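A.B. asks: Take a look at the following structure, please.
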Amino acid sequence: MKKYGKKIAFIAILLALIYIPGTWMNAKFLTRNHLANGKNGIHAKLEVEPEDTIDILVLGDSESYTTVSPMQLWKQYGYTAYAAGQPGAKVSDTEAVLKTALKKQNPKVVLLETNVLFRYEPTDKKTQSLISDTIYQTFPLLKNHNAWKSPFTELRVKTYMGFPISAKIRPYSGEPYMVDSKETTRIDEQNQKTLRKIQTMCADKGAKLVLYSAPSPKNYNSTKHQLLVELAKAEGLEYIDLNTNTETLAIDWSIDTRDKGDHLNFSGAQKTTAYLGTYLKNSCEIPSRRQDECAKHWNRMLKVYEAHIQRAEVKLDENAKVYEM
Amino acid sequence: MAYNTNIYFLLFLPIVMLAYQLTPQKYRWVALLGASVAFFAMISKCLIGWALVTAAITYYGGRLIEQYRQIGAPPKGVLRVSLILVVGILAVLKYTNFTIGIVNQVIAGLSGTAGLSFVKMMVPIGISFYTLQAVGYLLDIYWKRIEAEHNFAKVLLFLIFFPTVMEGPICRWSDVKDQLFVGEALREENITQGLIRIVWGLFKRMLIADRLYAAISLFYKPTMYLNGIMVFICMFLTTIQLYMEFSGTIDIVIGSARIFNIRLPENFRQPFLAKSAAEFWRRWHISLGTWFKNYIFYPVTTSDAIKKWNRYGKKHVGKYLTNVVTSAAALFPVWMLNGLWHGPQATYILYGVYYFIVLLAEVMLEPAGRKVYARLGWSEDGALVNGIRMVRTWCIILVGEMLFRAQSFAQFITLMKNMFVGPWDGGAFTGKLVEVGLDAGDYFVVVIGMMIVFILEWKMEKKPDMLEILPELSTAKRWLVYYGVIMAIVVFGAYGDGYQPADLIYAGF
């Protein structure tokens, strides 16, 4: 009996060590202590946003939060937006983020960046993910175990309602990429099903779901464009492809990308945000929140954001000169 | 499903343990066979058919050798046919497209016309590992070291035993047969030892190998430019990542087998404490080195031709040259086959050539080195000479692992050139360190993790059974170690969203 008692005690202490710290790691604790980072951090950040204060929700992978600057939309239109994308997100991750957001928010528009639809998840990985999700729900410490890295990451990347300001330039010097592409690709059936779920979740909350593709020579081509046009038509969704509009947007690939055409830097993001802002103003009914209670908080953030932008512009000019030479 | 996935630990292994324990002792090996077939089929699906064919050839080959011998007929023909068939399957499945590529280059060079088209080949998991085991089994029967097994299913289990099928260690029939089929009940002692080994493997993998994985992949992207210091860091991290990944997986493998009281041979023994490249290969991927030593090196050195040469050489050209030629004759096939075994890729073959040259150079330069040390008055076993030898061996290992990991030989040459030509730093050092997706936190965990692993390994050099005697510590000390390691994995492990576990690199061979 003593032998078994020892074993039970060992396992009980181990479970307690893994379980108890997790119970403290709720959204408030994580955000207050700047511990909400990485892919999972977005859930905690959304959970602590005051109720019913976000009208535009931007979802997707890193292409999403590098194309929409919520502070710019606030400054220009008084819209409250949140760039809630996650690095390397799969469409199922995006569905989970939307679920978290809809607990407290009633967005008018959900902008879904389409790169997630092309991220294929093999079946055996799905089983693994299912097991991981179950464990993470039981032991939040495992889900948030990377919180210890916050002092290292937070210092490097400050975000404004999910938007990071990047002044880095690494030009894209390739050929025009939206010409006839020979690439054969598809949108996985499971991903399409998840998109339909997202559509239903949005419809239930009265939010308009809009698909959009960020300008990115690395991630888009004419084949993908065609697939997305057909998908949007089949699902009855609006679709904006910013890749076919780069001239209107005035995207300059020698200064507007931070990593050779994979993502935009803040110079590029300002252009796409301006374009999407005009679309939102003309095609969606979104109220200005300038007179709301939350305006104070947003204005305070805007001041910090603008100071940061000023510094970033200087840095951007310096970086641009390197490539001019 | 790989050894480092939650499906393996939380579903597969517990189910196998339960099924094994509930099966009567006599048939417990059948439970292991069922688990091994399921494991194989889950990864390679119907390609398990190839493993069955290899097992059938191995089984019938072994039986026929035995029967030929019983009736007094020479079994050499049976052995040859069996080996050709077993190795032939590996050659066709793994090397057809590589051969077509070479033929096409020759055709293009000669006539400038298009050559043969490539064939789509699906290769079953672990084929390189179980083929070597099959060859060893047949040769051991032929050399009368073992008797042929009379049960086909047992031969199949020996070849595809689930813990070893993906990455080895490459076992000999005589090493495992008694343990595989005895069906001993699960015992607390074995489960504890197995779990300790598994947790230690996870520590190496999740804290170090998985954390470095994305960075290493980026280092070898064709578009990545690395300056001198970054090439050095790349070389260092590549070696560390490969070691932690491979040895960590082997720890999981050995631990998994140990749960069933099956003690697999060790595959690593503190390789970075080696004082020569030859010693390194006695400490790194030991089971592969042992296989080549038993089935290639010794047969060559004891062949009639080499014996004749030794007699002739000692009389006519002296002991030194005789020894060098004998070493070259035995090392050449070993290292060509070693390189080729890793896969149909020019860098792997050159990796074999590299070690052939290095090992031969060690043989050739050894007398000169001794003379130098003697002239300088340095003791050969002194700390200074040993230190110099270790640093020299590290340099050999680092360059070798970069060649092994490079996408092409041209990339390897570019990287080596960057180390010596062009800017050593160019002011871009810290930028590059961050650019490969690692932050200060990652580097911190990797450095601390490495220190823990290497301090323990240094201690294990004197006390090899350190992990084995862990359960003998007092409860307080033992629990402190267990909780410490487990919590380090839980908190500092590279897993979950944003991380991709490192591929089992040797599973691809």
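A.B. asks: Among the residues of the range B:98-128, how many are in contact (Cβ under 8 Å) with a residue 60 or more places away in the chain and hydrophobic (A, V, I, L, M, F, W, C)?
C.D. replies: Residues that pass the stated criteria total 5.
A.B. asks: Next question. Of the residues that sit in the range B:275-295 and are of a type in the set (A, V, I, L, M, F, W, C) and open to solvent by 30 Å² or more (accessible area, probe 1.4 Å), which one is nearest to B:Met244 (Cα to Cα)?
C.D. replies: Going through the qualifying residues, I end up with B:Ile286.
A.B. asks: Follow-up. Of all residues in the range B:461-500, count the ones that are away from chain A (no Cβ under 12 Å), in a loop (DSSP other than H, G, I, E, B) and either surrounded by 12 or more Cβ atoms within 10 Å (Cβ to Cβ) or touching a Lys or Arg at 6+ places or on another chain (Cβ under 7 Å) (or both).
C.D. replies: Adding up the residues that qualify gives 5.
A.B. asks: Residue by residue through the range B:374-413, note down the ones that are surrounded by 16 or more Cβ atoms within 10 Å (Cβ to Cβ) and hydroxyl-bearing (Ser, Thr, Tyr).
C.D. replies: B:Thr393
A.B. asks: Using the structure shown, decide if B:Ile141 is part of a helix (DSSP H, G or I), modelled with pLDDT of 95 or more and either open to solvent by 40 Å² or more (accessible area, probe 1.4 Å) or in contact with a Gly (Cβ under 9 Å, 6 or more places away or on another chain) (or both).
C.D. replies: Values: part of a helix (DSSP H, G or I): yes; modelled with pLDDT of 95 or more: yes; either open to solvent by 40 Å² or more (accessible area, probe 1.4 Å) or in contact with a Gly (Cβ under 9 Å, 6 or more places away or on another chain) (or both): yes.
For B:Ile141, the condition - part of a helix (DSSP H, G or I), modelled with pLDDT of 95 or more and either open to solvent by 40 Å² or more (accessible area, probe 1.4 Å) or in contact with a Gly (Cβ under 9 Å, 6 or more places away or on another chain) (or both) - is met.
A.B. asks: Cβ contacts < 8 Å: first residue without any contact (Cβ under 8 Å) to a residue 40 or more places away in the chain, restricted to the range A:275-293; second residue in a helix (DSSP H, G or I), any location; separation 6+ or different chain. Result?
C.D. replies: Once the first residue is without any contact (Cβ under 8 Å) to a residue 40 or more places away in the chain and sits in the range A:275-293, its partners that are in a helix (DSSP H, G or I) give A:Tyr275/A:Thr248; A:Tyr275/A:Leu249.
A.B. asks: Follow-up question, since we're still on this one. Please count how many residues of the range A:179-215 are part of a loop (DSSP other than H, G, I, E, B) and over 17 Å from A:Ala101 (Cα atoms).
C.D. replies: Going through the range A:179-215, the residues part of a loop (DSSP other than H, G, I, E, B) turn out to be A:179-188, A:205-207, A:214-215.
From the residues that got through so far, the ones that are over 17 Å from A:Ala101 (Cα atoms) too are A:179-188, A:214-215.
Of the residues in the range A:179-215, 12 are part of a loop (DSSP other than H, G, I, E, B) and over 17 Å from A:Ala101 (Cα atoms).
A.B. asks: Which members of the range A:149-173 meet the condition of being at pLDDT below 85 and not basic (Lys, Arg)? Write out each step before concluding.
C.D. replies: Quick first cut of the range A:149-173, residues at pLDDT below 85 only: A:149-158.
Hits for the range A:149-173 are A:Ser150, A:Pro151, A:Phe152, A:Thr153, A:Glu154, A:Leu155, A:Val157.
A.B. asks: Considering only residues that are open to solvent by less than 10 Å² (accessible area, probe 1.4 Å), over 18 Å from B:Ser287 (Cβ atoms) and either in a loop (DSSP other than H, G, I, E, B) or in contact with a strand residue (DSSP E or B) (Cβ under 6 Å, 6 or more places away or on another chain) (or both), which ones fall in the range B:156-201?
C.D. replies: Hit for the range B:156-201 is B:Gly183, nothing else.
A.B. asks: Determine which member of the set A:Lys224, A:Lys218, A:Lys233 is open to solvent by 20 Å² or more (accessible area, probe 1.4 Å), touching a residue at least 24 places away in the same chain (Cβ under 8 Å) and outside any loop (DSSP other than H, G, I, E, B). Before you say what the answer is, go through the steps one by one.
C.D. replies: Values: A:Lys218 fails: outside any loop (DSSP other than H, G, I, E, B); A:Lys233 fails: touching a residue at least 24 places away in the same chain (Cβ under 8 Å).
Among A:Lys224, A:Lys218, A:Lys233, only A:Lys224 is open to solvent by 20 Å² or more (accessible area, probe 1.4 Å), touching a residue at least 24 places away in the same chain (Cβ under 8 Å) and outside any loop (DSSP other than H, G, I, E, B).
A.B. asks: Any residue in the range B:343-364 that is touching a residue at least 40 places away in the same chain (Cβ under 8 Å) and not assigned by TED's automatic domain parsing to the domain that holds B:Gly101 sitting within a Cβ distance under 7 Å of a residue that is buried (at least 17 other Cβ atoms within 10 Å of the Cβ) and part of a loop (DSSP other than H, G, I, E, B)? List the pairs, counting only those 6 or more apart or interchain.
C.D. replies: Going by the 7 Å Cβ cut-off, the qualifying pairs are B:Gly343/B:Phe509; B:Thr347/B:Ala406; B:Glu362/B:Ser276.
A.B. asks: From the residues in the range B:228-247 that are touching a residue at least 60 places away in the same chain (Cβ under 8 Å) and within 17 Å of the chain's Cα centre (by Cα), which one is nearest to B:Thr290 (Cα to Cα)?
C.D. replies: The selected residue is B:Phe246.
The values are calculated or read from the model by the stated rules, or taken from the named source; none is laboratory data. Source: prediction; values computed, not measured. Quick reminder, even Gly has a Cβ in these numbers, built from the backbone with ideal geometry, and neighbours come from all protein chains shown. Just so you know, the surface numbers come from the protein's heavy atoms only, side chains and all, with ligands and any DNA or RNA stripped out. Shrake-Rupley method; radii C 1.70, N 1.55, O 1.52, S 1.80 Å.
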